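Peer 1: Can you keep this structure in mind? I'll have questions shortly.
The values are calculated or read from the model by the stated rules, or taken from the named source; none is laboratory data. Note that the structure is predicted; figures quoted are calculated from it, not measured. Counting neighbours? That spans all protein chains shown, and the Cβs are built from the backbone with ideal geometry, glycine included.
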Amino acid sequence: MKHFFLTLSLISVLISCADVSKKEIKSTVNKKDSTTIKHIFNTALTNGQCYQWLDVLSNTIGGRLSGSPEAQQAVEWGEKLMTDLGFDNVWLQPIMVPHWVRGEKEKAYFTVNNTKINVPICALGGSVATQKDGVTAEVIEVKSLDEATKLGEKLRGKIVFFNRPFDDTLIRTFHAYGGCVDQRYAGAMVTGKFGAVGAIVRSMTNSIDDYPHTGVMSYGDLLDEEKVPTAAISTKAANLLSEQLKVNPALKFYFKQNCKTLPDAPSFNVIGEIIGSEYPNKFITVGGHLDSWDLGDGAHDDGAGIVQSIEVLRLLKLNNIKPKHTIRAVLFMNEENGLRGGKKYAEEAKLKNEIHIAALESDAGGFTPRGFSFDESGKNYDLFMSWKPLLAPYDLLDINTGGSGADIGPLKSETISLFGYKPDSQRYFDYHHASTDTFDKVNKRELELGAASMTSLIYLLDTYLD
Ligand SMILES: [Zn+2]
């Protein structure tokens, strides 16, 4: 049964590809380009190094939250690696980053018929701690910021439980994330001013499991006394709590967390470049973010994007491709809780009057390549779409306008083309910001295919843009 459907759907995919190809293969399928791209994929798949680098970044250094000793180790690792690879210039760009620490592991439980049920939670990044002994209160469950705001003064003294789940019918999981993440970001901001004593947020994932997912939150312009502790609760625990609240609306929830915000700490973006042969003063940037959350080892988010970006420059060299423009690999610091690295990189580019013609970010996991989305003025739309037949043999079929990446966003202008690498998204939010984001979840071949896809795009951008 399964095989029958698989075969049918495969055939229909092949037929639709053939249609696309016939319509779109014009003169742009240049023999030289298709040979170069084939060589890029061959070398990535037989002589790739990005998987071994990710092993070190994930397993030797581990989670690397901004300001942590691990983040500093990652900076040193990236600088040494790109220097050893013989890139023309490698340097550190200094920045100051927010420095939030989780402290001792969080605890939470609720009590039903005198039985204590422990539940997995984790503090959200930027949250304040609970008082020393924790906080205990009745719970009000809501499904949105709006619903919480309408309750207003009724929230006083309560723990507000944001429990709107991912919409599982959405095929692209980033859309489900986008539809829920306001609860995590602004749950405490909205409820603190009404005198709530805490905000608990359902983890941002499709998966129903016992792993809480952290992520950044904000208090906006709340006064210090209005800032309440906020945490993510695992989806399994969220379902259980919701069920129990229906039976016993007066149940009490307890949680304790010990996180705090320290003064900003010094850190760096790490930059490596190959100087362009024709236009050394025009730049194409490829990057990911070097910092990660602290619960896992940040293998998918965004260790994958980091090693792929470095691999792009290595694959260009290995294939003896001498780029016309200067190609930079940028390991951005502090995407997760501040974006200071991305902002600094764009600021300095402006200050030095650097001309940035294109940038590509990989920050959606190290999964099987699907394509790229791009954000530009419209001037290059036809050109980018004309590359589809060159990329289709590598299953890079999803090429269209859309977002790019948080770190390269600040470079946006009328003249730059920004790209986001798009891997398959089905498993990303199983691991995103959770203790399960570890090296063993990354498939070597998928990671290498991603690096080759990105290198091919950088090659085309370098070849066809002025
Ligand atoms: Zn990320």
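Peer 1: Based on what the data block shows, is Asp168 among the acidic types (Asp, Glu) and touching a Pro at 6+ places or on another chain (Cβ under 6 Å)? Talk me through it step by step, then tell me what you get.
Peer 2: On the way: among the acidic types (Asp, Glu): yes; touching a Pro at 6+ places or on another chain (Cβ under 6 Å): no.
It is false that Asp168 is among the acidic types (Asp, Glu) and touching a Pro at 6+ places or on another chain (Cβ under 6 Å).
Peer 1: Would a scan of the stretch 384-404 turn up a residue that is in contact with a Gly (Cβ under 8 Å, 6 or more places away or on another chain), modelled with pLDDT of 95 or more and within 16 Å of the ligand (Cβ to nearest atom)?
Peer 2: Within the stretch 384-404, one or more residues are in contact with a Gly (Cβ under 8 Å, 6 or more places away or on another chain), modelled with pLDDT of 95 or more and within 16 Å of the ligand (Cβ to nearest atom).
Peer 1: Separate question: Which residue pairs have Cβ atoms closer than 7 Å, lie 6 or more positions apart in sequence or on different chains, and pair a first residue in the stretch 334-356 that is over 15 Å from Asp302 (Cα atoms) with a second residue that is in a helix (DSSP H, G or I)?
Peer 2: Sorted first by the residue in the stretch 334-356, then by its partner, the pairs are Lys343/Pro410; Ala346/Pro410; Ala346/Leu411; Ala349/Leu411; His356/Ala349; His356/Leu411.
Peer 1: Which residues, taken from the stretch 149-186, are aromatic (Phe, Trp, Tyr) and within 23 Å of Glu138 (Cα to Cα)?
Peer 2: Residues satisfying the conditions are Phe161, Phe162, Tyr185.
Peer 1: Looking at (1) under 30 Å from Lys343 (Cβ atoms); (2) in contact with a Phe, Trp or Tyr (Cβ under 8 Å, 6 or more places away or on another chain); (3) not acidic (Asp, Glu), find the lone condition where Pro120 falls short.
Peer 2: For Pro120, the failing item is (1).
Peer 1: How many of the residues making up the stretch 270-292 are assigned to a loop (DSSP other than H, G, I, E, B), within 16 Å of the ligand (Cβ to nearest atom) and among the hydrophobic types (A, V, I, L, M, F, W, C)? Give the steps one after another, and end with the answer.
Peer 2: To start, the set of residues in the stretch 270-292 that are assigned to a loop (DSSP other than H, G, I, E, B) comprises 275-278, 290-292.
In the following step, the residues that additionally are within 16 Å of the ligand (Cβ to nearest atom) were identified as 290-292.
Imposing the further condition that a residue be among the hydrophobic types (A, V, I, L, M, F, W, C) reduces the set to 290.
Looking only at that region, the number is 1.
Peer 1: Something else now. Considering each residue of the stretch 271-301, count those that are farther than 27 Å from Glu104 by Cβ, crowded, with 24+ Cβ neighbours inside 10 Å and touching a His at 6+ places or on another chain (Cβ under 7 Å), and give that number.
Peer 2: 2
Peer 1: Within the stretch 137-215, which helices (runs of 4 or more DSSP H) (wholly inside it) include 3 or more residues that are under 23 Å from Val119 (Cβ atoms), small (Gly, Ala, Ser) and at pLDDT 95 or above? Step through it out loud before you land on a result.
Peer 2: Working: elements: 145-151, 173-178, 181-192.
So the answer is 181-192.
Peer 1: For the stretch 306-322, indicate whether the set of residues that are surrounded by 19 or more Cβ atoms within 10 Å (Cβ to Cβ), more than 26 Å from Leu447 (Cβ to Cβ) and not small (Gly, Ala, Ser) is non-empty.
Peer 2: no
Peer 1: Being away from the ligand (no atom under 16 Å from the Cβ), modelled with pLDDT of 95 or more, more than 22 Å from Asn334 (Cβ to Cβ) and among the aliphatic types (A, V, I, L, M) is the requirement here; does Leu411 meet it?
Peer 2: No.
Peer 1: With Thr130, Thr111 as the choices, which residue is of a type in the set (S, T, N, Q), in a loop (DSSP other than H, G, I, E, B) and touching a Lys or Arg at 6+ places or on another chain (Cβ under 7 Å)?
Peer 2: Only one candidate qualifies: Thr130.
Peer 1: Residues that are of a type in the set (Val, Ile, Thr), modelled with pLDDT of 95 or more and within 15 Å of the ligand (Cβ to nearest atom): does the stretch 312-320 have at least one?
Peer 2: No, the stretch 312-320 has no match at all.
Peer 1: If you don't mind, there's one more thing I want to ask. Does Ala358 satisfy the condition of being more than 16 Å from the ligand (Cβ to nearest atom), of a type in the set (Gly, Ala, Ser) and buried (at least 20 other Cβ atoms within 10 Å of the Cβ)?
Peer 2: yes
Peer 1: Right, something else. Name the single residue, out of those in the stretch 293-333 being among the charged types (D, E, K, R) and in a helix (DSSP H, G or I), that is farthest from Leu465 (Cα to Cα).
Peer 2: Narrowing the stretch 293-333 to residues among the charged types (D, E, K, R): 294, 297, 301-302, 311, 314, 317, 322, 324, 328.
Remaining after also requiring in a helix (DSSP H, G or I): 301-302, 311, 314, 317.
Numbers: Asp301: 30, Asp302: 28, Glu311: 22, Arg314: 21, Lys317: 20 Å.
So the residue we want is Asp301.
Peer 1: Here is a list: Arg427, Arg445. Which entry is more than 25 Å from Leu313 (Cβ to Cβ) and in contact (Cβ under 8 Å) with a residue 40 or more places away in the chain?
Peer 2: Arg427
Peer 1: Within the stretch 44-58, take every residue that is crowded, with 19+ Cβ neighbours inside 10 Å and not aromatic (Phe, Trp, Tyr) and give me the one that is nearest to Asp462 (Cα to Cα).
Peer 2: Among them, the one singled out is Ala44.
Peer 1: Can you name the residue in the stretch 161-208 that is in contact (Cβ under 8 Å) with a residue 60 or more places away in the chain and more than 22 Å from Asp146 (Cβ to Cβ) and, of all such residues, is surrounded by the most Cβ atoms within 10 Å (Cβ to Cβ)?
Peer 2: Thr205
Peer 1: While we're here: Could you please find all residues in the stretch 340-355 being in contact with a helix residue (DSSP H, G or I) (Cβ under 6 Å, 6 or more places away or on another chain) and crowded, with 18+ Cβ neighbours inside 10 Å?
Peer 2: Of everything in the stretch 340-355, those that are in contact with a helix residue (DSSP H, G or I) (Cβ under 6 Å, 6 or more places away or on another chain) and crowded, with 18+ Cβ neighbours inside 10 Å turn out to be Gly342, Ala346.
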